[in-house]
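Trainee: One structure is given below, represented as structure tokens, and several questions about it will come after.
Bear in mind these aren't lab numbers, they're just calculated from the coordinates by the rules spelled out. Since the structure is predicted, the reported quantities are computational estimates derived from the model, not experimental observations. Please note: Cβ atoms are built from the backbone with ideal geometry, for glycine as well, and neighbour counts cover all protein chains shown.
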Amino acid sequence: ALAEAALEARGLSAGYGRVQVLRDVDLTVRPGEVVALLGPNGAGKTTLLRTLAGYLRPTGGEILLFGASCGRLPVYKRCRQGVSFMGEERHVFPGLTVRQSLRLVRAQGEAAELFPTLTERAGHRGALLSGGEQQMLALTLTLALARKPRLLLIDELSLGLAPLVRERLLDTVRATADTGVGVLVVEQNARSVLERADRAYVMRRGEVVREGPAEEWRGDLDGLASLYLS
Ligand code: ATP
């Protein structure tokens, strides 16, 4: 039997005021899976993640977390259930050094293991780190702050970062999923994310237009690109 889904969205709709963005979205993430969420700018990927995390109220459909409908549960209650959201803003503590930030969330050991670069930058303040270093720190803080993460929602993992940093972040995402966490990740570089993902969804204009195993997409990156354009 299939493991119970970490996340299941059924017929989900949501938007901003009278502007409907998401239409009838069905999506599943199982424990231990990396699921890539792909699609052109404005497709509704961020809106979907915000709705799943509880920042936006759905206007229709339902969301199940670990088998139970989460209805109107606020963000903090979803966090308690193990849902962790990493937005595209790269939240680090701008005035704290890397060392202070990691101490605050008791993640010194983890950080050193995940991203040795952070140890080298121990004395630097968050605001003065490079974009890639900030994202490494943000991912470490996100993982540490969720007491027991079971579902990780990540927006724009590597936007604007160097390829090597992107690969490192994606490896960490894969390793996190391998511990049993379900991961839904928005990443602009389809090729890189598909190398580590189990499945992918492609969105356009607020709808899921295709879904399938990552290996299928890896062999058809041109077909994938055409979905972005047509
Ligand atoms: P991108 O890759 O460019 O971030 P996306 O797939 O994440 O795109 P969204 O950011 O979810 O897409 O945007 C989907 C649609 O919702 C767009 O048409 C956008 O203009 C609209 N939208 C996003 N945020 C708001 C908001 N706060 N108020 C009104 N409309 C919004």
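Trainee: Anyone know which of Phe66, Phe85, Phe93 comes out most mobile in the 10 Å Cα GNM of the chain?
Mentor: Fluctuation is largest for Phe93.
Trainee: With both bridge residues required to lie in the chain, what share of the DSSP beta bridges run antiparallel, to the nearest 5%?
Mentor: Restricted to the chain, the bridges split so that about 55 percent are antiparallel.
Trainee: Using the alpha-carbon centroid of each, what span in Å lies between the range 165-230 and the range 80-99?
Mentor: 23 Å
Trainee: Using +1 on the beta carbon of Lys and Arg, -1 on that of Asp and Glu, and nothing else charged, what's the dipole of the range 126-182 about the Cα centre, debye to 20?
Mentor: Using Cβ point charges on Lys, Arg, Asp and Glu, the range 126-182 gives about 260 debye.
Trainee: Also: Along the Cα-to-C-beta direction of Leu227, a point sits 7 Å from the Cα; which residues of the range 20-60 have their amide N less than 14 Å from that point?
Mentor: 26-28, 35-41, 43-45, by backbone N distance to the label point.
Trainee: For the chain, modelled as a GNM with alpha-carbon contacts under 10 angstrom, which of Leu143, Leu12, Leu104 fluctuates the most?
Mentor: Leu104
Trainee: With a Förster radius of 25 Å, plug the Cβ-Cβ distance of Ser69 and Glu207 into 1/(1 + (r/R0)^6) and report the FRET value to the nearest 0.05.
Mentor: 0.65
Trainee: Give me the percent relative contact order of the chain, please, defined on Cα pairs under 8 angstrom at least 6 residues apart.
Mentor: 28 percent
Trainee: Is the shape of the range 33-99 rounded, prolate or oblate, going by the alpha carbon gyration tensor and its root eigenvalues a ≥ b ≥ c, with a/c under 1.5 for rounded and a/b larger than b/c for prolate?
Mentor: Because a/c hits 1.5 or more and a/b fails to exceed b/c, the range 33-99 counts as oblate.
Trainee: Rounded to the nearest 0.05, what FRET efficiency do Arg18 and His91 give with R0 = 45 Å and r taken as the Cβ-Cβ distance? Could you check?
Mentor: 0.90
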